[in-house]
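Below: the structure, in structure tokens.
Please treat every number below as a calculation from the coordinates, not as lab data. Computed from a predicted model, the values in this text were never measured in an experiment. Note: ideal-geometry Cβ built from the backbone for every residue, glycine included; neighbour counts use all protein chains shown.
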Amino acid sequence: MARVLILFAHPALEKSRVHRRLVREISDDPGLTFHDLYEAYPDFNVDVAREQALLERHDVVVLQHPLFWYSTPALLKQWEDLVLEHGWAYGSNGTALHGKRMVSVITTGGGASAYRADGLAGFTVRQFLVPIEQSARLCGMDYWPPYLIQGTHHMTAADIEHAATRYRQFIELLRAERVELSDSRVPTTLNEIVDPLLDAGGPP
């Protein structure tokens with residue numbers, strides 16, 4: 001079983017319909033750690049040693065956040081700037097994160113059709129996340145395509161419940177190491193791999 005760390009970043013969680021519901025699905029599984037960055041560091045004074053120790057104890061790092069101006073909330077960028085130090089995360093002696101996996105869990109207010117070359121955003125979510133992907137690769141991590149929950153502005157209560165159930169099952173699949181990528185085909189989103197698994201019966 002993989003040890004999973006969820007690094008959660010939402011600067012206005014009390015106003016969020018979707019993320020507030022998603023995080024209620026986080027279990028007390030000892031192999032799963034939920035870490036709310038805005039709750040831990042409201043002053044943006046990130047404890048680098050604490051964060052590095054958390055990373056070292058886990059196999060899979062999930063960056064969970066809404067897409068803010070086609071990027072991450074500010075605190076997550078602050079976390080990246082401070083925690084991923086030269087000589088620890090990258091560089092000739094920076095091997096602490098080698099072989100670990102990273103995946104982004106992203107919500108977007110707009111629907112999937114907006115995030116295409118011919119859509120309103122003009123790019124896919126995966127393309128907007130290239131800086132995170134390259135940072136992960138520089139640190140020797142395996143970066144996976146994002147898991148997306150889209151169209152949140154128009155989701156009904158039933159839609160949110162369905163998304164929350166799928167989110168919980170997705171995290172369980174990560175824990176059970178049942179999500180596998182093919183060397184011959186890298187999907188645009190992890191949903192392309194996860195949804196068929198869940199449709200076939202879900203996690204063990």
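In percent, what relative contact order does region 111-158 have, based on Cα pairs under 8 Å that are 6 or more apart in sequence? Let's see the in-between values first.
Details: 26 pairs, mean separation 14.9, N = 48.
Contact order relative to length: 31 percent.
Near the amide H of Gln150, within less than 5 Å, lie the amide hydrogens of Thr108, all on another chain or at least 5 residues away, with H placed in the peptide plane.
Couplings for region 90-106, taken from phi via the Karplus curve 6.51 cos²θ - 1.76 cosθ + 1.60 with θ = phi - 60°, read 8, x, 4, 10, x, 10, 4, 9, 4, x, 6, 10, 10, 9, 9, 10, 10 Hz in order; Gly and Pro are left as x.
Taking 20 Å as the cut-off, the amide N atoms of region 52-87 that come nearer than this to a point 7 Å along the Cα-to-beta-carbon line of Arg178 belong to 59-62. Report the one residue of Gly99, Thr152, Leu7 whose Cα lies farthest in the direction of the positive end of the charge dipole of the chain (charges on C-beta: Lys and Arg +1, Asp and Glu -1; origin at the Cα centre). The residue sitting most towards the positive pole is Thr152. Based on DSSP H segments of at least four residues, each scored -39500 (n - 2.57), the chain has a per-residue ellipticity at 222 nm of -9500 deg cm²/dmol.
The phi torsions of region 6-23, fed into the Karplus equation with coefficients 6.51, -1.76 and 1.60 and a -60° offset, translate into couplings of 9, 8, 9, 9, 8, x, 9, 4, 5, 9, 8, 6, 7, 5, 4, 6, 4, 5 Hz, rounded to whole numbers, with Gly and Pro shown as x. Cβ-to-Cβ counts within 10 Å put Trp88, Trp144, Trp69 in ascending order as Trp69, Trp88, Trp144, the fewest first. When you restrict to C-alpha pairs under 8 Å that are six or more residues apart and normalise by the size of the chain, the relative contact order lands at 23 percent. Expressed to the nearest 5 percent, the antiparallel share of DSSP beta bridges inside the chain is 10 percent.
Placing +1 on the Cβ of every Lys and Arg and -1 on the Cβ of every Asp and Glu, with no other charges, gives region 1-99 a dipole of roughly 380 debye about its Cα centre.
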